[in-house]
1. Can you name the residue in the stretch C:1-46 that is more than 16 Å from ligand 1 (Cβ to nearest atom) and in a strand (DSSP E or B) and, of all such residues, is farthest from the other protein chains (Cβ to nearest Cβ)?
2. Filtering the stretch C:108-127 down to residues that are assigned to a loop (DSSP other than H, G, I, E, B) and at the interface with chain B (Cβ under 7 Å from one of its Cβ atoms), which residue is most open to solvent (accessible area, probe 1.4 Å)?
3. Check B:S65, B:S91, B:S99 and return the single one that is within 16 Å of ligand 4 (Cβ to nearest atom) and closer than 27 Å to C:E129 by Cβ.
4. State whether one or more residues within the stretch B:242-258 are in contact with a Leu (Cβ under 7 Å, 6 or more places away or on another chain), away from chain C (no Cβ under 14 Å), part of a strand (DSSP E or B) and surrounded by fewer than 24 Cβ atoms within 10 Å (Cβ to Cβ).
5. Tell me, please, whether a residue that is of a type in the set (G, A, S), open to solvent by 30 Å² or more (accessible area, probe 1.4 Å), more than 16 Å from ligand 3 (Cβ to nearest atom) and touching a residue at least 60 places away in the same chain (Cβ under 8 Å) can be found in the stretch B:169-191.
6. Show the residue pairs that are 6+ apart or on different chains and have beta-carbon atoms under 9 Å apart, the first residue being within the stretch A:637-660 and not assigned by TED's automatic domain parsing to the domain that holds A:G465, the second being surrounded by fewer than 24 Cβ atoms within 10 Å (Cβ to Cβ).
7. So, in the stretch C:128-166, how many residues would count as being within 30 Å of B:S225 (Cβ to Cβ) and outside any loop (DSSP other than H, G, I, E, B)?
8. What residue, of B:R81, B:R117, B:R145, B:R127, is more than 18 Å from the chain's Cα centre (by Cα) and touching a residue at least 12 places away in the same chain (Cβ under 8 Å)?
Amino acid sequence: MSVLKDTAQKALQTAISFVPDRWLPGAEPDPMRTKHGLIGAPVSRVDGPLKVEGKARFAAEVPYENMAYAALACSTISRGRIAALETAKAEAAPGVLLVMTYRNAPRMAPPPVMNSAPKAAGASDLPVMQDADIHWNGEPVALVLAETQEQADYAKSLIRVTYDLEPAITSFDVAKTRAHPPENILGEPSSIEFGDAEAALNGAAHRVDLMYRTPRYNHNAIELHAATVAWEGDKLTIHDATQMVNSTAWTVAQVFGLKEEQVRVLSPYVGGGFGGKCLWNHQILAAAASKLAGRPVRIALSREEVFRIVGGRTTTEQRVAIGAKPDGTLAALIHTGVAAMTTHNSCPEQFTFPARHLYAADTLKVAQDVADMDMVANTFMRAPGESIGTFALECAVDELAETMQLDPIELRRRIEPEKDPTTGHAFSSRNLIEAYRRGAEKFGWDKRDPTPRARRKGEWLIGMGCATATYPYYRMPGGAARIRLTREGRAIVSTAVHEMGMGTSTVQQQHVAARLGMSFDAVTFEYGDSTLPAGSMAGGSSQTASISATIIAATEALTKELLKLAGNDSPLAGLKPDQVEARNGGLCKRDEPDRFESYASILGRSQRQEVTCEASGPLPLEAQKYSMHSYGAQFCEMRVNMVTGETRVSRFLGSFDTGRILNSMTATSQFKGGIIMGLGLALTEETNFDARFGRIMNPSLAEYHVPVHMDVPRIDVIWNDIPDPHSPLGAHGIGEIGITGVGAAVANAVYNATGKRVRELPITLDKLL
Amino acid sequence: MNPFDYLQADNASNAVKLASAAAAGKYLGGGTNLVDLMRETVERPDTLVDVTDLSRRIEARPDGSVMIGAAVKNTALAADRTVRRNFPLLSRAILAGASGQIRNMATVGGNILQRTRCTYFYDEASRCNKRDPGRGCDAIDGFNRYHAILGASPSCVATHPSDMCVALAALDAIVHLEGPEGVRMLKLVDLHRLPGGRPDIETELRPHELITDVELPALSFAARSTYRKVRDRASYAFALVSVAAALDLGDDGNVKDVRVALGGVAHKPWRALKMEAALRGRAATEVNFRAAAEGELSDAAGLRDNAFNRTRQADDRCRPR
Amino acid sequence: MHCTINGNRTEMVIDPRTSLLDFLRDHLGLTGTKKGCNQGACGACTVLVDGERINACLAFAVQYQGRSITTVEGLSRGGALHPLQQAFIKHDGFQCGYCTPGQLCSAIAMANEIERGIPSFVTKNLSTETALLDHDELRERMSGNLCRCGAYNGIVEAISETFAKEPA
Ligand SMILES: Cc1cc2nc3c(=O)[nH]c(=O)nc-3n(C[C@H](O)[C@H](O)[C@H](O)COP(=O)(O)OP(=O)(O)OC[C@H]3O[C@@H](n4cnc5c(N)ncnc54)[C@H](O)[C@@H]3O)c2cc1C
Ligand code: SF4
Ligand code: FES
Ligand code: FES
C-alpha cells in the first residue's frame, strides 16, 4: 500500500496533467458498476473442485528430480556475534550434502526493504547470512541440505553455535523510553494536528482519556511458508507461497545480482497469506543453497520457524482522548501512541489512520511513534494499524457515549463528518450511518440494555457491543493485464496477481466475462506467475481494484483493435470505441444492438486466429482527489461466565459499506474470515515475546490460540452494495475491513455484559475475574 | 529427530525385554506426545518399542471395578458404555482433551506419561531443569500462565497436562506395571512426583517399567460425577484449570462422600484431599464448597501470570451439575 | 512391509522417522494431505485409518503397516466428487483451501463417530446411545481442524447438509 502511495505521489507531481482522468471528477463512471447479472452473483470458486480434491499444488508440493531438502538452524540470542560454529558433525551425518553458514554462503546483496523502491519486497534489509552478526532471536545461522528432510532435520540438531552477546533491546518498556517518530507512515506524516486539541479536550463538557494496549500477533496461515527453488544456468525459478510474485522476482534479482527477467516466481495457490507470505530469509537461503549444491531445493519452515523467521503484527500502546460538547459533537479527538519496530524494516503499524478520517472534530491530534527493538522484523498483518487502531478508538467512543448517556450509534451519527477531516477532500462514497442503521435493525440493537450486567442466563452474563470498521481504498499503480481473444471464442486474461483464497480468480473471471459479453466458462484467468504482465501485490486490499483497472484498460485496447480488424465490411464499420459495447460474444453499437458482429466473425474475416492486447491501468489518482475508504458497523453479542471469566461470542453481525460487491458468496467469506480473525485478536491470540531474551515462547498452534470451530458462532454479514462512482466496477477491496472494529465490538460487548472495561488485548478470562 | 530402531511387541513381557535390551529404549503408544518431543530433540531414544498392540480390553467386572488395557485408545475409553454410565467424569475428562483425531491415536498408557507443555521445556534455547538438570528454570520468571500453583519447587513450576489423569486421580485408579523386575501396582496419585530438586524425574516408575493396565476400583457414587475444564478457547486447548469431582449426597442434603481432583495446577494430577475432608459430613452448600476449596488452596502460590488461578479455584464450586 | 492407500496396496520402504504425512506427501506424491504444524495442533494432516481420523503428522508411517489409509485423493468415487466435497463448494467451505482436505476427512470420520454413538465433550447425556449432529456437537467435534481463513460457517453448513437427518 505504501508502495502505491510513494509511487503515486512521485508520479503525480509530473504526470497529473496528462494521464487519463478516468476516475477523476467529471469523468464518466465505469458503466459496469451498476450492471447486474454475472457481477455480484454468488458464483462458486473456479478452483473449488481442485481444492476439495487436494489437487491444487502448493509451493512445497512441486516435484523435481534430484531434489535436496533444507533445514535451518536459528540463533538463540537477540544480538551479538557468532563466536564458534561447529558444523563438522552435521556435515558428516548421513545424507548431508552441505552445511551453509555465513562462511560459505554465496555473496548476496541485502534485499531492498519494502517501500524503498516500487518493487522492493524485503521484509527487512538486513544482509542474509553474510556475516557473524546476529540481529534477532531466531535469525537463521546455518542451513543444512540433505537427501531427505529427516536427514536434514537430524543433522541440524548436531550443529553447535556459541555467541558473543551484545546488549539487546528486547523489552518494549525500555524501548518505549526512546520512541521516536518514523520518517513517515506509508507515505503519510507520522503526526497531524489542527487546533489545540489538548486544550480543547480539557475544556470539553464530556471527555475520556484512555490507554490501550495490544500484543504481538502472528498471521499463522495454515500453510507453512515454503519454497521449491531450482537454478538453470543463471536463471532461477522459485515456486513460492507469496502475495507478491513480481516484487519477489525483482528483489531476489537484486540479491543475486541478476536481471529481473532471470528470476521467475510462481505462486498459483497460497494457503493463506494475511500479509505474512512475503519475502523472508528462507526463499533467499534456499536459492543460495541450491546454487551451492547445484540441485533443486525444497525449504519448508516448521511452525516454530514461521514464528521465528517471519514477523507478525507488532505490539502497541495507544492513547485515545476525546472531548465532546453538550450537543454530542466533538471538540477534540486525540489518538497517539507507540509501536515496536526495528531499524531495518518499514512497517510502523498505522494505528492512527482511522482517527484521521473517521469523525468530525473541532481539533485533532494524531501522532504515532516507533520504538526500536531487536526482534524479527514486524510486518503487515490483515489491516495493519486499522485493526488495532479501531480497537482503541472505537472502545473510547463507546466509553464516551456512556459518559454522555448516549446510544453509541447515536453518538456516531452526531460526529459524522461532511468531508474528510484531515484532507478536506470529498468522500467518494461514505454510507457508514446507513450501515449502522441496517446492521442495528438486523441485529436487534434496540434490545440492548445500556446498563452493564443487566442480562444474565444462569452463570452467564450477556452483553452487546458495536464498533465502526474502516479501511482505506487503495489501488496500485504499475499493473498491466493482457487479454488474448481466440477465434474459438475464448478469452485468456493474464496478469501476475495472487489467489490466496480471496476469490480473485473467480471474481475477475466474472468481471472479464461481463465486460467482454462472454459466458463465464469462456474466460480463463491466468495469474500467479511473474512472467505474466506485471500485476499488483495482494496487499492493502488493493488487488481487486488494481486488477479491475488494468482489465478495463486492456479491454479498451482490445475494443480499439477489434474495430480496426472489423474494417469497413462490418456492421460496426465507422464506430468509435465509445460507441460500442460488448454483448453476446461480440460488439454492438450501444444504442443499436442489431449493429453487431461476433468476435469469431471479426477474427475470421480478418483471418486471425487470435488477437492479443496488453495495457496498464492508469495511475490511481482517484485516491488523491477523494477521501476513499470502506466502512462497516460491527455488532457483537458476548456471554461471559461469572464464575470463570470464560467468554463466548454468541452472535456477530457485520454490516459493510464497501462499494459494489462483486461476488456475494466469496465476499461473504472474506468478511467472515476477517471477523473471525478479529475474534482471535480480541479474545484468544497473543504471541508471547519474552522480554528477557527477545524470544517468542509460544511458537506453536497449540499454544498460540487461533479461534477453532467451537469459538465461532454463525456470523451474519450484510452490505449496502452502493457502488463507488470513482472506483473500477464501483468496488472496493474487502480483504481487510472485516477484521477492523471487531476488537472494539467484542470489548464493548464484554463491558455491557460484565461492567468491566478491558483495555488490553486479548481479553482473556483472567482479566474478567 | 535422531535415527532409531522401530520394534513391535505383541505382549508385555516381550515389550519389556525389547526395551531393556536397548541402550535408550522407549515405549511408543500413539506417538502424539513422543513424536513431537523427539522432533524437538527433547527425547532421543535409540529404540522405540511399539506397544499399541498390547491389551486393548476394557473389562467391566462384576464387583463394579473396571480393568483398562494400556493400549486402549482414548476415544474407546471415553465411549465405553460402562465408563459413561458409571464413571462419567472419566469420559468427560478424556473428551475435554485434545481433538477427535488425537484421541483416536492416544493410548491410556501414553496419556498418563505425557510430559508437560511448559514452553521453556520445549525450547532448546531456554534453561530448563527438567530437560537439563541443574541449568535453571526460565519459566519461573517467564510466561507461566499454565504453570503450577500447588506443590511446585524453586526448580520447576511445570504442570502435568493430562485431563484424563485428573479423573483417574479422583477415582483412586490403580496402575498395573510390568518391568524387568516383575509386576507391581501403584496408585495413580503416587505415580507422578512433585518436582522437588529433580524435576527431570517425573514418575516413580523404574527403568523400562511398562504400564499394562489401569484399574478403576468400584465407586458407586462415581455415577454422579463430572469434569469441568477452563481454558483459553472453547475447545482444543490445554487446561488452565480443571476439576474432576464425584459427590455422594445423603438424603439429609449432607455430603456423605466426595472425590475431587484438580488439573492444570500442579506437577501431577492433584487429589484435593483437604477439600474432601472438609466437605465430608457437611451440608452441600455453596458456602461450604467455597470454604473447602479455599482450604485446599491455602498453600497455593501464584507466579507472574497464573495468580488468577487461585481465585478461580476457590470459585469453582466443584459441584456436579 | 506394505499398507493400503486409497485402495491400492503400497510398499513401504522407509526410514522409521518418516511420518505417515511425509510418507504420503514426499514419498508417494499424495500431496492432497497438508502439513500445517507437524505437531498435532491444526488438523490439516487428517487422514482416515481404517475409517478413523488421525493426524498423520504425529504418526510414524511404520506404525501403520497393514492398515488401510484413505486420503482426500481417495474420497471421490468413480470420478464423482463425494457429496461432502460438493457441499464444500456449494457452501464456500474454504477460501485458500489449505485446511480443506483435513476438514473433509475429519468430517467424514466425525459423522461416522456420531453414527456409532461416540460422545463428545458437549454431549449432554452420556448414557444415551445416540449422539446428535447439532450445531454445538458439530463445532466441538470439528475443533481439531483449524481454518485460519475462517471458513467455519461454510464448513459447518456443508457438513450438516451432507450428514444431518435434521438440519443442525
Ligand atoms: C495439539 C495437542 C493438544 C492436546 N491437548 C490435550 C488436552 O487438552 N488434554 C490432554 O489431556 N491431553 C492433550 N494432549 C496430549 C495427548 O492427550 C497426549 O499426547 C496423549 O494422551 C499421549 O498418548 P500417546 O499414546 O500418543 O502417547 P505417546 O506419545 O506414544 O507416549 C507418551 C509417553 O508415554 C510412554 N508410554 C506410552 N505407552 C506406555 C506404556 N504402556 N507404558 C509405559 N510408557 C508408555 C512413551 O514412552 C512416552 O514417553 C494434546 C496433544 C496435542 C498434540
Ligand atoms: S517449569 Fe519445569 S519444565 Fe518449565 S522450564 Fe522450568 S524446569 Fe523446565
Ligand atoms: S500438520 Fe498434523 S495436525 Fe497440523
Ligand atoms: S481455507 Fe484457508 S485455512 Fe481453511
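1. Selected residue: C:R9.
2. So in the stretch C:108-127, the residues assigned to a loop (DSSP other than H, G, I, E, B) come out as C:116-127.
From what is left, the residues that are at the interface with chain B (Cβ under 7 Å from one of its Cβ atoms) are C:118-121, C:126-127.
Details: C:I118: 17, C:P119: 5, C:S120: 2, C:F121: 46, C:L126: 10, C:S127: 70 Å².
Applying the filter and picking the extreme gives C:S127.
3. Values: B:S65 fails: within 16 Å of ligand 4 (Cβ to nearest atom); B:S91 fails: within 16 Å of ligand 4 (Cβ to nearest atom).
Result of the check over B:S65, B:S91, B:S99: B:S99.
4. So far as the stretch B:242-258 goes, yes, one or more of its residues are in contact with a Leu (Cβ under 7 Å, 6 or more places away or on another chain), away from chain C (no Cβ under 14 Å), part of a strand (DSSP E or B) and surrounded by fewer than 24 Cβ atoms within 10 Å (Cβ to Cβ).
5. No.
6. Note: no pairs meet the criteria.
7. Residues that pass the stated criteria total 7.
8. On the way: B:R81 fails: touching a residue at least 12 places away in the same chain (Cβ under 8 Å); B:R117 fails: more than 18 Å from the chain's Cα centre (by Cα); B:R127 fails: touching a residue at least 12 places away in the same chain (Cβ under 8 Å).
Only one candidate qualifies: B:R145.
The values are calculated or read from the model by the stated rules, or taken from the named source; none is laboratory data. Every value quoted in this text rests on a predicted model; they were computed, and no experiment measured them. Every residue, glycine as well, gets a Cβ built from its backbone with ideal geometry; the counts of neighbours run over all protein chains shown. Remember, those area values only see protein heavy atoms, side chains included, never the ligands or the DNA or RNA. Shrake-Rupley method; radii C 1.70, N 1.55, O 1.52, S 1.80 Å.
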